[in-house]
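Each reported figure results from applying straightforward, stated rules to the coordinates on display, with no laboratory input. Given the structure is predicted, the values throughout are model-derived calculations rather than measurements. Neighbour counts are summed over all protein chains in view; Cβ atoms, including those assigned to glycine, are modelled from backbone coordinates with ideal geometry.
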Amino acid sequence: MESEDTVLALAALAQSTRLEVFRLLVKHEPDGLAAGDIARSLGVPQNTMSSHLSILARAELVSAQRFSRSIIYRADLTRLQNVVLFLLRDCCDGRPEICAPLVESLTPCFPKPRRKAHVGSHL
C-alpha cells in the first residue's frame with residue numbers, strides 16, 4: 001500500500017457519519033447491508049448516505065453489489081488491514097517491547113481457538 005492510498009482511506013473515515021457507516025458495515029460482515037438500511041439505521045437521509053457511500057467506495061473501504069433493486073454494501077476488511085499494516089509497518093523502530101501493548105490491545109478482537117479434548121480424557 002502506498003502513502004497516498006492510506007491518506008485517501010483515512011480521509012474517507014475522518015468524518016463522523018462515514019466512520020459510523022464503516023463500523024456498521026464491519027458489524028454486518030459478511031452479509032453487508034442495503035443502502036436504505038444503512039441510512040435508516042444511522043438516521044441519515046438516503047441522498048446524503050449515497051454521497052457518503054460513494055466516498056467510502058472511492059477510498060476502496062466498501063464494495064457494492066446490486067441485487068435486484070437493492071445495492072448491498074460491504075466493508076472491505078482487507079483494505080482496512082492494509083491501512084493498519086501500513087501505519088504499523090515500521091512500528092516503534094523495530095522495538096517489540098514498545099509495540100507489544102498495541103498488538104495485545106488488538107488481540108481481544110479475535111477469540112482464542114478452543115482446545116480439543118482428547119478422547120478418553122476426563123474433563
Task: GNM result for the chain, Cα springs below 10 Å: residue of Glu104, Glu20, Glu60 fluctuating most strongly - done: Glu104
Open item on the list: What does the net charge come to around Pro30 if you take all other residues with beta carbon closer than 13 Å to its beta carbon, with K and R at +1 and D and E at -1?
Closed with: -1
Open item on the list: Among Pro101, Pro30, Pro45, which one shows the highest mean-square fluctuation when the chain is modelled as a Gaussian network with alpha-carbon springs under 10 Å?
Closed with: Pro101
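Can you tell me how much longer the chain between Asp5 and Ile98 gets when fully stretched, taken as 0.36 nm per residue apart minus their C-alpha distance, in nm with one decimal? Numbers along the way, then the final one.
Numbers: separation 93, 0.36 × 93 = 33.48 nm, distance 2.65 nm.
Going from the current span to full extension adds 30.8 nm.
Percent relative contact order of the chain, based on C-alpha pairs within less than 8 angstrom and at least six residues apart? Before the final figure, lay out each step's value.
Values: 99 pairs, mean separation 29.8, N = 123.
Computed value for the chain: 24 percent relative contact order.
Take Arg18, Arg40 and order them by how many other Cβ atoms sit within 10 Å, fewest up front. The partial results should precede the final answer.
On the way: Arg18 21, Arg40 13.
Least crowded to most crowded, the residues run Arg40, Arg18.
Hey, fewest Cβ within 10 Å first, where do Phe86, Phe22 land in order?
Phe86, Phe22
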Task: Highest-MSF residue in the chain out of Val62, Val21, Val44 [GNM, Cα springs under 10 Å] - done: Val44
Task: Matching label, Cα extents along the principal axes in Å computed from the structure shown, candidates (i) 36, 29, 26; (ii) 57, 45, 22; (iii) 45, 30, 24 - done: (ii)
TODO: For Cys91 and Ser68, calculate 0.36 nm times their separation in residues minus their Cα-Cα distance, and state this gained length in nm to one decimal.
DONE: 3.8 nm
